[in-house]
Amino acid sequence: MSEKLQQDHFRVTPKKNENPGASPSGGGLEGAYLQGRGAQINTKNKFEKHEVTREHKEAVDDWDEVNVNTQYIEQESKSIVNKVESPDVGMMYSMNPYAGCEHGCIYCYARNVHEYWGYSAGLDFERKIIVKKNAPQLLRKFLMKKNWDATPIMLSGNTDCYQPAEQNYRLTRGLLEVCNEFNQPVGILTKNSWILKDKDVLQEMAKKRIVSAMVSITSFNEDLRRVMEPRTTTAKQKLKVINELSAAGVRMGIMMGPMIPGLNEHEMQRIMKAARDNGATFTAYTFIRLNGAIKFLFHDWLYKNFPDRADRVWHNIEHSHDGKVNDSRWNVRMRGEGPIAQLVADQYKKYGKLYGMNAEEWSLDRGKFRVPGSQGSLF
């Protein structure tokens with residue numbers, strides 16, 4: 001990536017070799033690397049007409065980024081359930097009680113959405129969290145619509161519903177309680193062990209076959225996880241989540257995504273086996289794609305953290321997306337193409353079969369749905 005390209009897309013652009021960094025296995029990064037954050041910069045918001053840029057660092061004393069505390073921005077939202085148009089994600093509706101995510105996963109496709117709120121997809125995404133305080137009330141109102149047919153809704157279709165904000169606001173808990181009351185089927189995807197706090201309501205829902213959950217595991221390499229998705233829980237803790245909830249009767253699966261050639265794609269078999277051994281019965285995966293601002297965030301992150309292999313990783317991603325790092329084509333963009341992507345796909349198929357994943361025919365039960373207080377079934 002050229003220096004000019006960086007200047008066009010980064011609000012704060014370090015000078016060449018200003019923060020050369022080191023591989024995580026080499027003991028961390030030098031200089032002003034923001035520990036506990038995935039992104040190290042704020043990228044340009046494409047919707048903003050005006051922006052402030054730094055041309056000469058030496059002339060300004062107070063331009064250095066500070067690892068400020070996370071800011072929670074409370075709001076009364078107008079809606080909580082969103083229709084999903086993409087055929088790649090396996091869901092028709094999603095709900096997200098939080099916008100932005102403190103987990104800080106550098107590859108997260110939801111970063112681009114933060115620009116619609118007037119923020120950057122970079123550090124702002126991790127440090128400015130929008131809290132939809134009336135989310136449970138909005139869901140209740142939605143489920144009472146006359147023509148609602150109990151189509152399953154995905155929690156965390158965009159940002160993680162169990163990110164650190166949940167410890168204070170408990171909006172996900174409120175949403176699950178509403179779903180349980182209506183017998184509304186729901187799927188959950190998370191990287192956080194905080195989901196165990198809701199084991200009681202999840203167990204009730206599981207008995208009615210109206211919930212399933214997936215835990216996202218990308219790596220067992222803690223040095224990699226700490227910089228790639230810094231505020232998520234460890235892989236060991238994620239396996240504990242799978243074990244404990246599956247033992248409680250909750251159908252559990254794993255999301256292995258994204259698989260990044262040269263960083264974590266070689267761990268697919270280990271992840272799948274460990275998840276199976278702890279009670280997971282189904283799986284999914286995605287191949288890395290860097291759309292919108294994520295292209296520049298990931299590039300900056302990659303060369304700061306893994307300078308020894310950055311060129312190879314970057315070019316492997318390009319080779320898997322027809323010479324680019326992103327592909328907008330449905331049914332292709334989440335899997336990639338070419339020999340590297342095919343190798344990952346072959347591994348997924350081989351080890352899924354070996355460990356008996358995705359073997360059962362299973363679906364969430366829509367037939368139990370009812371509006372509280374109503375007479376009989378709506379169907």
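The values are calculated or read from the model by the stated rules, or taken from the named source; none is laboratory data. Treat the numbers as computed from the prediction; the structure is a model and nothing was measured. Methodologically, a virtual Cβ is constructed for each residue, glycine included, from the backbone with ideal geometry; neighbour enumeration extends over all protein chains shown.
Within region 315-360, the residues that satisfy the criterion of being farther than 29 Å from Ala275 by Cα and free of Cβ contacts under 8 Å to residues at least 24 places away in the same chain are His315, Glu318, His319, Asp322, Gly323, Lys324, Arg329.
Yes or no: Gln40 farther than 23 Å from Ile188 by Cα and either modelled with pLDDT under 95 or buried (at least 16 other Cβ atoms within 10 Å of the Cβ) (or both)? Full working, then the answer.
On the way: farther than 23 Å from Ile188 by Cα: yes; either modelled with pLDDT under 95 or buried (at least 16 other Cβ atoms within 10 Å of the Cβ) (or both): yes.
Considered against the rule, which asks whether it is farther than 23 Å from Ile188 by Cα and either modelled with pLDDT under 95 or buried (at least 16 other Cβ atoms within 10 Å of the Cβ) (or both), Gln40 comes out as yes.
None of Ala284, Ala213 is within 20 Å of Ile340 (Cβ to Cβ), out of contact with any Phe, Trp or Tyr (no Cβ under 8 Å at 6 or more places or on another chain), in a strand (DSSP E or B) and among the small types (Gly, Ala, Ser) except Ala284. All conditions in (1) more than 17 Å from the chain's Cα centre (by Cα); (2) within 16 Å of Lys191 (Cα to Cα); (3) buried (at least 19 other Cβ atoms within 10 Å of the Cβ) hold for Thr283, with the sole exception of (1).
Among the helices (runs of 4 or more DSSP H) lying completely within region 115-204, list those that include at least 1 residues that are more than 30 Å from Arg37 (Cβ to Cβ) and polar (S, T, N, Q). Can you show your working first?
Values: elements: 123-127, 135-143, 166-169, 171-182.
Counting at least 1 such residues, we get 135-143, 171-182.
Of all residues assigned to region 329-344, at least one qualifies as being in contact with a helix residue (DSSP H, G or I) (Cβ under 6 Å, 6 or more places away or on another chain), part of a helix (DSSP H, G or I) and not charged (D, E, K, R).
Every test in (1) touching a helix residue (DSSP H, G or I) at 6+ places or on another chain (Cβ under 7 Å); (2) touching a residue at least 40 places away in the same chain (Cβ under 8 Å); (3) under 25 Å from Phe369 (Cα atoms); (4) not in a strand (DSSP E or B) is passed by Gly262 save one, and that test is (3).
Out of all the residues in region 105-140, which are under 19 Å from Asn291 (Cβ atoms), among the small types (Gly, Ala, Ser) and surrounded by fewer than 24 Cβ atoms within 10 Å (Cβ to Cβ)?
Of region 105-140, the ones under 19 Å from Asn291 (Cβ atoms) are 105-117, 119-126.
Keeping just the survivors that are among the small types (Gly, Ala, Ser) gives 110, 120-122.
The answer is Ala110, and nothing else.
Taken across region 296-303, residues that are over 16 Å from the mean Cα position of the chain (by Cα), of a type in the set (Asp, Glu) and in a loop (DSSP other than H, G, I, E, B) do not occur at all.
From the list Arg370, Arg335, Arg289, Arg309, the lone residue that is touching a strand residue (DSSP E or B) at 6+ places or on another chain (Cβ under 7 Å) and of a type in the set (Lys, Arg) is Arg335.
Right, Arg289: crowded, with 20+ Cβ neighbours inside 10 Å, part of a loop (DSSP other than H, G, I, E, B) and of a type outside the set (Asp, Glu) or not? Reasoning before the result, please.
On the way: crowded, with 20+ Cβ neighbours inside 10 Å: yes; part of a loop (DSSP other than H, G, I, E, B): yes; of a type outside the set (Asp, Glu): yes.
Answer is yes for this residue.
Within region 150-187, can you find the residues that are out of contact with any Cys (no Cβ under 7 Å at 6 or more places or on another chain) and acidic (Asp, Glu)? Quick ask: steps written out before the conclusion?
As a first pass, look at region 150-187 and keep what is out of contact with any Cys (no Cβ under 7 Å at 6 or more places or on another chain): 150-154, 156-158, 161-162, 164-171, 173-185, 187.
Hits for region 150-187 are Glu166, Glu177, Glu181.
Listed here are the residues, each with its yes/no results for (1) at pLDDT below 85; (2) β-branched (Val, Ile, Thr); (3) not in a loop (DSSP other than H, G, I, E, B).
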{"residue": "Lys4", "(1), (2), (3)": "yes, no, yes"}
{"residue": "Asp8", "(1), (2), (3)": "yes, no, yes"}
{"residue": "Glu55", "(1), (2), (3)": "yes, no, no"}
{"residue": "Ser86", "(1), (2), (3)": "yes, no, no"}
{"residue": "Gly104", "(1), (2), (3)": "no, no, no"}
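Count of region 246-273 residues, restricted to those that are closer than 21 Å to Asn221 by Cβ and either in contact with a strand residue (DSSP E or B) (Cβ under 9 Å, 6 or more places away or on another chain) or surrounded by fewer than 20 Cβ atoms within 10 Å (Cβ to Cβ) (or both), is 19.
Quick check on my filter: what residues within region 305-315 are more than 22 Å from the chain's Cα centre (by Cα), assigned to a helix (DSSP H, G or I) and not charged (D, E, K, R)? Walk me through it before giving the result.
So the first thing to find is which residues in region 305-315 are more than 22 Å from the chain's Cα centre (by Cα), and the list is 307-312, 315.
Next, only the ones that are assigned to a helix (DSSP H, G or I) stay: 310-312, 315.
Hits for region 305-315 are Ala310, His315.
Which of the following residues is surrounded by fewer than 19 Cβ atoms within 10 Å (Cβ to Cβ), among the β-branched types (Val, Ile, Thr) and more than 21 Å from Thr218 (Cα to Cα): Val332, Val371? Working first, answer last.
Values: Val332 fails: more than 21 Å from Thr218 (Cα to Cα).
Answer to the selection: Val371.
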